[in-house]
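In what follows, a structure is listed as structure tokens, so that the remarks can point back to it.
The values are calculated or read from the model by the stated rules, or taken from the named source; none is laboratory data. What you see is a predicted model, and the numbers here were worked out from it, not measured in a lab. A quick note on method: Cβ atoms are made from the backbone with ideal geometry, for glycine too, and the neighbour counts reach across all protein chains shown. Keep in mind that these areas ignore ligands, DNA and RNA; they rest on the heavy atoms of the full protein, side chains included. Shrake-Rupley method; radii C 1.70, N 1.55, O 1.52, S 1.80 Å.
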Amino acid sequence: MIGILLITHDTLGESLIQCACHVLNRRPQQLMQLGVAAGDDPNDLLPLARQMLKLVDSGEGVLVITDIYGASPSNLAAKLLEAGRIEGLAGANLPMLLRALTYRDKGMETLLMRATGGGRDGVLNMLRH
């Protein structure tokens, strides 16, 4: 199973995990989060992020999900990426996380496609849906 590490601003990652646990009625395995606070130096968090990667990786790789591309959490996440083994997605939302949790046993390529689609398709105009 592919591990999932959320690297987000402050407590967003923990909140997303709590919501996913509520929807799924359980705490998924191989799922962790690292919150980057306003005063944190992302370079100081790099060793901790690498350690967390090892904790969620069972040998099948890790998907790192971050919130805003180009911000400190995604810049930290970018330092961890290795094509095909440690992949990253920006734009974290609950539909993206739920899709990632659902498809992480189908291989990295499928996981990336489904999680990206879940994040995109989860945004809609409710009055026109």
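Quick rundown of the values:
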quantity	calculated
Computed [θ] at 222 nm, deg cm²/dmol, the chain (DSSP H ≥ 4; -39,500 (n - 2.57); rounded to nearest 500)	-14000 deg cm²/dmol
Ranked by how many other beta carbons lie within 10 Å on average, peptides 69-81, 92-104 from highest	92-104, 69-81
Per residue accessible area in Å² of the chain, where ligands, DNA and RNA are left out and the probe is 1.4 Å	56
Zero-based 10 Å bins, Cα pair distances in the range 32-95, whole percents	21, 57, 21, 1
Hull shadow area, averaged, the chain [alpha-carbon convex hull, nm²]	8.0
Under 5 Å, built H, 5+ apart or other chain: amide partners of Ile7	Leu34, Ile65, Thr66
Whole-percent carbon and sulfur share, accessible surface of the chain, 1.4 Å	52
Electrostatic dipole magnitude of the chain [Cβ: Lys, Arg +1; Asp, Glu -1; Cα centre; debye, to 20]	460
Sequence-separation-based contact order of the range 27-107, relative, with Cα cut under 8 Å and 6+ spacing, percent	28
J(HN,Hα) series, the range 4-14, from Karplus relation 6.51 cos²θ - 1.76 cosθ + 1.60, nearest Hz, glycine and proline x	10, 10, 9, 10, 9, 5, 6, 9, 4, x, 5
Proximal charge balance of Met108 [Cβ under 13 Å; K/R count +1, D/E count -1]	-2
